[in-house]
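Structure first, commentary second.
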Amino acid sequence: MGKFIIVSFLALGLAFYEMSGGSDFVPQERVVVAKAPIASDTRVGQTTDVAVSRNNAASLIALNPAVTTVSLETTTLVAEPAVAVTPAVSEAVTEAVVEETAPVVAADPIDIRAVAGSRVNMRQGPGTNFNVLDTLDGGTQTEVLEVNADGWARIEVLNTGQIGWMAERLLTDG
């Protein structure tokens with residue numbers, strides 16, 4: 001009986017190894033753009049864009065061990081106010097009429113994602129120790145309001161307006 005268990009275990013392990021890609025398996029690469037301090041400049045708080053991936057994350061931490069968290073930021077585009085100058089020429093005096101328009105502010109981008117699992121619990125707080133508010137079916141459209149450092153996203157269900165928390169890995173990529 002012991003030989004059967006060992007042979008079965010080895011056969012299942014080999015089957016799993018082959019079905020997951022075997023020696024050709026390459027993990028999916030995700031690139032995150034983070035703000036990292038500029039070491040050569042003496043100005044405090046100045047940052048620059050740095051692409052962080054699985055390949056270079058360890059080297060970035062080795063360069064600056066004080067950096068322990070990465071914050072993701074979105075950029076809001078704000079249009080500069082338009083200034084139109086129309087010269088009006090009179091006999092002796094040349095005047096310039098300056099007309100200012102109100103600045104156009106772009107709306108904050110909305111992070112719309114769908115539920116990736118078939119039936120996923122939406123909870124009262126960020127963790128499995130919180131009560132379940134609702135169970136959402138796969139494909140349910142949600143707006144991500146915030147994501148905490150532990151990987152939990154506060155979401156609003158678009159068709160009901162209900163707000164709760166869900167593990168971010170259970171949402172489609174936005």
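Please treat every number below as a calculation from the coordinates, not as lab data. Only a predicted model underlies this, so the values are computations on that prediction, with no experimental measurement involved.
Could you go through the range 132-141 in sequence order and give the Karplus-derived ³J(HN,Hα) for each residue, using 6.51 cos²θ - 1.76 cosθ + 1.60 with θ = phi - 60°, rounded to whole Hz, and x for Gly and Pro?
7, 7, 7, 10, 9, 7, x, x, 4, 7
Inverting the mean 1/r over all pairs of different Cα atoms, compute the Kirkwood radius of the range 112-170 and quote it in Å.
Every distinct Cα pair counted, the radius reaches 11.0 Å.
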